[in-house]
1. What does the charge count around residue 83 come to, taking other residues whose C-beta lies under 12 Å from its C-beta (Lys +1, Arg +1, Asp -1, Glu -1)?
2. At a temperature of 10 °C and a viscosity of 1.306 mPa s, determine how fast the stretch 183-317 diffuses translationally according to Stokes-Einstein, using the Kirkwood radius over alpha-carbon pairs as Rh; express D in µm²/s, rounded to the nearest whole number.
3. Rounded to the nearest 20 debye, what is the charge dipole size of the stretch 36-86 about its Cα centre when +1 sits on each Lys and Arg Cβ and -1 on each Asp and Glu Cβ?
4. First obtain the Kirkwood hydrodynamic radius of the chain from its Cα pairs, then insert it into the Stokes-Einstein equation at 4 °C and 1.567 mPa s, and state the resulting D in µm² per second as a whole number.
5. With only Lys, Arg, Asp and Glu charged, each at its Cβ (+1 for the first two, -1 for the last two), find how big the charge dipole of the stretch 167-317 is about the Cα centre; round to the nearest 20 debye.
6. Rounded, prolate or oblate for the stretch 180-229? Axes are the square roots of the Cα gyration tensor eigenvalues, ordered a ≥ b ≥ c, and the cut-off for rounded is a/c under 1.5.
7. Order 117-126, 226-235, 188-197 from most to least packed using the mean count of other Cβ atoms within 10 Å.
8. Please grab the % of Cα pairs in the stretch 46-131 that end up more than 14 Å from each other.
Amino acid sequence: MTSVLVTGGSGFLGSSVVRGLAAAGHRVTSADLRLPAEPVDGVEHVVLDVTDAGAVDAGIAAAAPEVVVHLASVVTPGKGSSRALERAVDVDGSRFVLEACLAHGVRRLVVSSSGAAYGYHPDNGAAHGGWLTEDDPVRGNEEFAYSHHKRLVEEMLAAARDEHPALEQVVLRIGTILGETVDNQITALFERPRLLRIRGADSPFVFVWDTDVVAVIERAVTGPATGVFNVAGDGALTIDEIAGLLGKPTLVVPEPVLRLALAVGSRLGLTPYGPEQTRFLRYRPVLDNSRLKDDFGYRPTRTSREAFDEWRVRRRS
C-alpha cells in the first residue's frame, strides 16, 4: 500500500485515477477546489486551492503522502478565465506543490504535462522524421498560454531533478486525449461541417484513449520507471485522414489568407483566436511513444487510429 495525494482529484482524469488507486488498495487523499458529488469510499476528499502556497504546504503536510500526483491544471479555459489565472494554477500551483513535496519528504512526484510543452514549430521532430522524442527540447510558445505554461513547469521540474535528485519524478507528456465522454477544444474541431487544413500542412494528430492515460498515471505511482515519457498511441492521423473517417470534406486555406482572416476577426471580436492560431494548425507536436513502451513498460491498448475510430463510433451512438 502506498499513500498518495492527488491534486485535481475531482477532475476528468483525477476522478478516475483516484478510484483506480483506491481500488488497488492504496491510501488516497483527493484534493480539489470542490468536493466531488459522489465521494469514493475509503478516500479522504479535501478542499485545496493549488494557487494558495500555504494551503498546499499544509495539505501535503497533513496527508503525509509518499507520492503526489499533480493533475490540477487549466486545460480548457472557461468563461471569465484569464492568462493570469491560468498561470496561477498551472505554473505557480505546480511550484507550490513541488516546494511542499521537497519540504515534507515526498518520495515521488508524478506530473501530467502535455505534448504542447514541445511547442508548435516548423522544425518539430526534425531529427526523427517529424516525431518528437523526450530528448527534444521543450519550447512551448509564449503566444499559447497552455503550451507556454507547460514549458515553464517542465523547466522548473528539470531544475529540481538536478538540485534535488532524491525526489523521484515521473513527467508525462500527454497527447490528444479521446474517450467516451471527452468534449474539448480539439474534438470541437472534428464536429464542424468541414475540417480546416492549411495548404501544404498535413497537421497530424496523435491520440491516446483516456483509460490508457489513467492506467499510465496509476503505474507511475508504484512502477519502477522514473523520468519523462510521451503518452500517446502508436501512429498518427492527418487532417485529411480524419476527415475521410468522418465522411467530411476539408477546407484547404493558404496560411496567409487564414492568418489575415483571424487577425481581422479577432480585432472585430468575431473569433477568440488570433493569427498565431495558424502555428497551432500547421505544426502540431507528433509524439514518439517508444520510451513509454520500452522503458516505462506500458503499451497503449489503442493506436491513434483505433482511439479515433472508437471516439467516432461512440459519439454517434
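1. -3
2. Working: Rh = 16.6 Å.
Rounded, D is 95 µm²/s.
3. Numbers: 2 positive and 8 negative charges, 70 e Å.
It works out to roughly 340 debye.
4. It diffuses with D of about 64 µm²/s by this estimate.
5. The dipole magnitude comes to about 640 debye.
6. Taking the square roots of the gyration eigenvalues as a ≥ b ≥ c, the stretch 180-229 is oblate.
7. Values: 117-126: 18.6, 226-235: 22.0, 188-197: 13.9.
The peptides rank, most packed first, as 226-235, 117-126, 188-197.
8. Numbers: 2510 of 3655 pairs.
Value for the stretch 46-131 (Cα pairs over 14 Å): 69 percent.
All of the numbers you see were taken from the coordinates with simple rules; none came from a lab. Remember, predicted model here, so these are calculated numbers, not experimental data. Note that each Cβ is placed from the backbone with ideal geometry, even for glycine, and that neighbours are counted across all protein chains shown.
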